[in-house]
Amino acid sequence: MKHCFFYLLFSFILIFSSCKNEQTNNLTPETIAQNSRELNAWFDAQFDADVAQSPQWQTDLGMKTNYGQWDDISSKQTSEELDRAKERLKYLENEVDPEALDSATALSYKLYKRNMQQIVDEYEYRFYNYPVNQMYGLHAEIPAFLINKHRIDSISDAEAYISRVKNVKPLFTELRNQLGIRESNLIVPPKFVLDHVLEASNNLLKGRPFEKSSDQMPLLADFESKINKLDIADAEKARLMQEVTAALVDSLQPAYTELIAFVENQKQRATTDDGAWKFPRGDKFYQIALNRATTTSMTAEEIHELGLNEVARIHGEMKAIMEQTGFEGTLQEFFEFMRNDDRFYYEDSDAGREAYMQKATAIIDQMRGRLDELFITKPEADIVVKRVEPFREKSAGKAFYNSPAPDGSRPGIYYANLYDIKAMPKYQMQALAYHEGIPGHHMQLAIAQELDSLPKFRKFGGYTAYIEGWGLYCEYVPKEMRMYDDPYSDFGRLAMELWRACRLVVDTGIHAKKWTREEGIAYYKENTPNAESDCIKMVERHIVMPGQATAYKVGMNKILELRTKAENELGEEFDIREFHEVVLANGAVPLSVLEELVIEYIGTKKKE
């Protein structure tokens, strides 16, 4: 009987498989096109449903729905996100045949399913983060969001701004609740993180209307500047100013005061343990964080070794440049020279910072004029260079990019942090602008948003290894175009690549090898020419964002590897513009998918 049962079962499987293959083989182009249209419509409906859950995402996208609200950060919202992910996986697995789709939609199916599975797999680690920290903490994100993203084009927009100020109080009540939940799960930031949070929060409460001062606090100044540009009566402006002042005093100030008290209290129980190893199941969590960041299965040990090898290689290339400049001494002495010689830095003054901004803009403009050499598709969105605002510049990163609004109402923004002018040397300016601006993140992210062929989740989604790997790759490409001004600027490019290689070593050192914050800082100081303030900020970033910083070098190496493969196999038929089109025309993808796309391109090109 047992043999009979297995024979019947095997026969059923064969018949089912045969029917399925027959159905697939009988698909017409019209059926495939219809299936693909329907699934892409479903993807967009899911994206729209997610956006509808997030007032802040709506604002990011240039929408003004729920304009006076903040996102729901409660555990209930996180649980509902899990339920949606499970339902969507069920639909994709039971209702969609990926073999009955066109190639682009089949890739979207694969990516969306991967994204949903990731939500399910990572749910048990949903509290393994620090909602207040010096990199992306809510205490700093709220004012930055209002200043940079909340446009005021009408009285109703101004009233929505006031509403958001009022709603900071209930938002921060839930924030304190979330911090308490994490502490009950043994997730508490190290002491230095809480010190940064306290400093930034206290800074925001300086100036009018909180104290007698000639200066306004940042949100009051921002609001007044925005409404003064409206064509409305002075009496209406006065009313709005009175209402926002009341909201700041009655809602925002107590919200921050209560958060400060909570953090002061938690600080008494915080430790100086820095790595994810201190969390329950911390080793498993960190591996998941590495998987997410790199979109690979590389272990912490493999990433650590890759970092050590890359540091050694880049040091060798730096020594060659050192000899080219005629410097006599060790590499560490050359680092010291580059750190301290005044010729490499702008003056530590308003005039010096303005000169930096003008030069950064000029670098962007110069590269803009040569994009035809590198790209087929170019973005319509513009890019501007801005300084990081004073209220967050002390703890914010060295430089970063904000995507443009899809409706064209906001350009892409390359932010330069000029708080410490010694952390922004002239010799790194070109590589930094190429990475954050053109041809780096602006080309990549703005193009993705403008691709009509992609469903929305791919236009606006991302994978860190792809995004940051591209940014780092774009520091290298201008060298091939002879765009670096002199050996020192090329050294700056290498210094930035070295910085990313060191990240592989230090991130894994802290989270897998139990390095201390001080050991991480010492490694950067010994192996890079960067300012000490740079080294401190970077190690502190590793600590609050486990794994994230490993994505850059892993991603760059993969893009260079794939380009070399295409060059070797295509020879004279290789066209760098076509290669970049393959990399960018599908939006952000995991590195394994990027490899599949490049291999497919090579095969198609060979047949031409």
Hits among aspartates and glutamates - C-alpha to C-alpha of residue 386 under 16 Å, sequence gap 8 or more where chains match: 222, 350, 354, 365, 420, 436
Partners for residue 479 among aspartates and glutamates (Cα-Cα distance below 15 Å; same-chain residues under 8 apart left out): 317, 373, 490, 497
Pairs of alpha carbons in the range 154-302 whose separation is greater than 23 Å (percent): 54 percent
Within the chain, percent of DSSP bridges classed antiparallel, to nearest 5: 40 percent
Dipole of the chain [Lys/Arg +1, Asp/Glu -1 at C-beta], most positive-end residue of 51, 103, 481: 51
Full-extension gain in nm, residue 102 to residue 597, via 0.36 nm per residue minus C-alpha separation: 176.7 nm
Largest to smallest principal axis extent of the C-alpha atoms in the range 82-127, angstrom: 39, 17, 11
Extreme residue, positive dipole direction of the chain, given options 437, 207, 296 (C-beta unit charges): 207
Fully extended contour minus Cα-Cα distance, from residue 451 to residue 73, at 0.36 nm per residue: 133.0 nm
Of 206/514; 378/565; 113/398; 206/267; 149/229; 319/558, pairs whose Cα-Cα distance is over 28 Å: 206/514; 113/398
Most to least packed among 588-596, 524-532 [average Cβ atoms within 10 Å]: 524-532, 588-596
Nearest-20 debye value, the chain charge dipole, Cβ charges on Lys, Arg, Asp, Glu: 1240 debye
Positive dipole terminus of the chain, leading residue within 369, 260, 136 (C-beta point charges): 260
Check: the range 38-125 dipole with +1 on Lys, Arg Cβ and -1 on Asp, Glu Cβ, in debye: 140 debye
By average C-beta atoms within 10 angstrom, highest first, the peptides 484-492, 467-475: 467-475, 484-492
Among 85-95, 397-407, the order from most to least packed when residues are scored by Cβ within 10 Å on average: 397-407, 85-95
Computed lengthening from residue 278 to residue 574, 0.36 nm per intervening residue step minus Cα-Cα distance: 101.6 nm
Residue 330 paired with residue 370, simple spin-label distance in nm, labels 7 Å along Cα-to-beta-carbon: 3.6 nm
Shape metrics for the range 370-524, restricted to C-alpha atoms - Rg then Dmax, Å: 16.9, 48
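The numbers here are math on the coordinates, done by the rules we state, and not lab data. All values derive from a computational prediction rather than experimental measurement. Please note: Cβ atoms are built from the backbone with ideal geometry, for glycine as well, and neighbour counts cover all protein chains shown.
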